[in-house]
1. Restricting to the range 66-76, and then to whatever is farther than 17 Å from Met110 by Cα and either open to solvent by 60 Å² or more (accessible area, probe 1.4 Å) or among the aliphatic types (A, V, I, L, M) (or both), can you tell me which residue is modelled with the highest pLDDT?
2. State yes or no: is Gly15 modelled with pLDDT of 95 or more, at positive phi and exposed (fewer than 12 other Cβ atoms within 10 Å of the Cβ)?
3. Only one of Val48, Val63, Val121 is open to solvent by less than 30 Å² (accessible area, probe 1.4 Å), touching a Pro at 6+ places or on another chain (Cβ under 7 Å) and over 15 Å from Val5 (Cα atoms); which?
4. What are the residues in the range 37-57 that are more than 21 Å from Thr19 (Cβ to Cβ) and either in contact with a Cys (Cβ under 8 Å, 6 or more places away or on another chain) or aliphatic (A, V, I, L, M) (or both), if any?
5. Looking at the range 49-96, which of its residues are more than 18 Å from Ser122 (Cα to Cα) and among the hydroxyl-bearing types (Ser, Thr, Tyr)?
6. So which residues in the range 19-45 are of a type outside the set (Ser, Thr, Tyr), touching a strand residue (DSSP E or B) at 6+ places or on another chain (Cβ under 7 Å) and open to solvent by less than 30 Å² (accessible area, probe 1.4 Å)?
7. Keeping to the range 87-106, report how many residues are surrounded by 14 or more Cβ atoms within 10 Å (Cβ to Cβ) and either among the acidic types (Asp, Glu) or closer than 20 Å to Asp61 by Cβ (or both).
8. So which of Met82, Met77 is touching a Cys at 6+ places or on another chain (Cβ under 8 Å) and not charged (D, E, K, R)?
Amino acid sequence: QVQLVESGGGLVQAGGSLTLSCAASGRTFRNYIMGWFRQAPGKQREKVAGISTAGSTNYADFVQGRFTISRDNAKNMVYLQMNTLAPEDTAVYYCAAQQSGVRSLGEFGMEYWGKGTLVIVSS
């Protein structure tokens, strides 16, 4: 069982930056694939970025080099550094985890989800 708690959301002006953090419980954090997802008002949840157990990263096309996902296995933390934010980035951002090598029927193949942190980008 993994519990995830996001933090770092808030109100920022367009062009600004935010860093989201996700704290994970459990002693085997390093064995989990981690991801950031978001859900804008009236829209479906979408993937933002993912990071493997080995540290390989992948990003949604809309990120366009503006966001960076990273993890610190010693601290059981995963981060999303977001730069050059735009109003269309306004959403609730969720952290999710999936044990590597284990198939999940959860949304986006991720078994564990945090409750989300709200990011609002003003124009």
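1. Residue satisfying both the conditions and the ranking: Thr68.
2. yes
3. Answer to the selection: Val121.
4. Ala54
5. Ser52, Thr53, Ser56, Thr57, Tyr59, Thr68, Ser70, Tyr79, Tyr94
6. Of everything in the range 19-45, those that are of a type outside the set (Ser, Thr, Tyr), touching a strand residue (DSSP E or B) at 6+ places or on another chain (Cβ under 7 Å) and open to solvent by less than 30 Å² (accessible area, probe 1.4 Å) turn out to be Leu20, Cys22, Ala24, Met34, Gly35, Trp36, Phe37, Arg38, Ala40.
7. Total meeting the criteria: 6.
8. Just a single option satisfies the conditions, and that option is Met77.
The values are calculated or read from the model by the stated rules, or taken from the named source; none is laboratory data. As the structure is a prediction and not an experimental result, all values here were calculated from the model. Methodologically, a virtual Cβ is constructed for each residue, glycine included, from the backbone with ideal geometry; neighbour enumeration extends over all protein chains shown. Surface accessibility is based on the protein's heavy atoms, side chains included, excluding ligands, DNA and RNA. Shrake-Rupley method; radii C 1.70, N 1.55, O 1.52, S 1.80 Å.
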